[in-house]
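J.: Mind looking over this structure? Questions follow.
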Amino acid sequence: MADFHLVDSIGKKIKVVQAISDALGLTNVKAEQARVEQLNTTYDFVVSRAVTRLKPFLGWMRYKIHKNGNNDRPNGVLYLKGGDLTEELAEIQDRYRVYDLSDYFEEPFFETKKSDLHTEEIRLIMNQKYYSSSFKDPINRDEVEFTDKGVTFRVRKLIGGTDNFVFYSDISGVEIDNGVLFATVRVIPRARPEIVISNFTKGDARRIKELILQNVPGNRPDAFGGPTR
C-alpha cells in the first residue's frame, strides 16, 4: 500500500486535510505543516499544483526523489499547471512529458478548466538519467539518458568518449554482467556494435534494463536474456 505525505505551509489547510483523512479512516496519510524545500524525506513521486515556477520547484526536489523505483514509470515529479508554460519549460533541462487532463477525465470540470486556461496540462518530469558510480571514477562517469524515442549511452574516458543514441525499436537485447560491487550493462542494437557501459550499481543496472524493456516495442521477457542475474 502506498503512503502519502501531504505538506503545506498554511496550517489551516493541513488541519482540513487531516480532518478529512481521519474521518475517512485513512491510515496511510500523514499531513504536516512545513515548507517542502525544508523536508529531508525522499519519495517515489512528488505531486504538486502550481506552487511556483518549474525551475525553482525542481531545484527543491532534486534530492528528494528516490533514485531507484518499483513502479511502472520512473520516479519523478508530477506537476499540474495551466496556461502558457513555454517560457518556464525553456528554463529547465529536465526531460518531461506533457499530458492533457481532459484525455483522462471526462467530467465537465476539466473541460471548463481547459476552456478557461486554454490548456490544463500535467507536466511529468521524470528522473531518467543514470550515472555510473563515482567510487571508481568520480570524473569520467558513464551516463544513460532515456527519452520518449530512445536512449543515449554516454561513455566517458580521460580523453574523448562516445555518445550513442539508439531508438527503442532498434534494440534487440540487453544483458547485465554483475561484478562483486558493480555491474556492466551490455546493449545489443540490431545493426551496430554492442554498447557497453560499466561501473553502475546493481540496482541502477536492473532499472536501466527494465526501462529499456518497457519501451522496446513488442518485447518478450525471454527475448532479452531471461531474468537479470
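The values are calculated or read from the model by the stated rules, or taken from the named source; none is laboratory data. What you see is a predicted model, and the numbers here were worked out from it, not measured in a lab. As a convention, Cβ positions derive from the backbone with ideal geometry for all residues, glycine included, and neighbour counts pool all protein chains shown.
J.: So if I check each of Thr147, Thr152, Thr162, Thr201, which one is closer than 23 Å to Arg95 by Cα and free of Cβ contacts under 8 Å to residues at least 12 places away in the same chain?
T.: Thr162
J.: Taking region 150-207 as the search range and keeping residues that are among the charged types (D, E, K, R) and exposed (fewer than 13 other Cβ atoms within 10 Å of the Cβ), which one is modelled with the lowest pLDDT?
T.: Checking each candidate, the answer is Lys157.
J.: Being among the charged types (D, E, K, R) and part of a loop (DSSP other than H, G, I, E, B) is the filter here, so list the residues in region 160-193 that pass it.
T.: Within region 160-193, Arg190, Arg192 qualify.
J.: Residues of region 177-195 being in contact (Cβ under 8 Å) with a residue 40 or more places away in the chain and closer than 19 Å to Phe146 by Cβ, which ones?
T.: Within region 177-195, Val185, Ile195 qualify.
J.: On to the next question. Val151 - would you say it is closer than 20 Å to Lys202 by Cβ and under 22 Å from the mean Cα position of the chain (by Cα)?
T.: Considered against the rule, which asks whether it is closer than 20 Å to Lys202 by Cβ and under 22 Å from the mean Cα position of the chain (by Cα), Val151 comes out as yes.
J.: Tell me which of these Val196 doesn't satisfy, since it passes every other one: (1) in a strand (DSSP E or B); (2) under 23 Å from Asn75 (Cβ atoms).
T.: Failing condition for Val196: (2).
J.: With the structure loaded, tell me whether Ile188 is in contact with a helix residue (DSSP H, G or I) (Cβ under 8 Å, 6 or more places away or on another chain) and either farther than 18 Å from Arg95 by Cβ or among the small types (Gly, Ala, Ser) (or both) or whether it fails that test.
T.: Here the answer is no, as Ile188 does not meet what is asked.
J.: Please specify each residue of region 47-101 satisfying the condition of being buried (at least 18 other Cβ atoms within 10 Å of the Cβ) and in contact (Cβ under 8 Å) with a residue 60 or more places away in the chain.
T.: Within region 47-101, Leu54, Leu58, Ile65, Gly69, Pro74 qualify.
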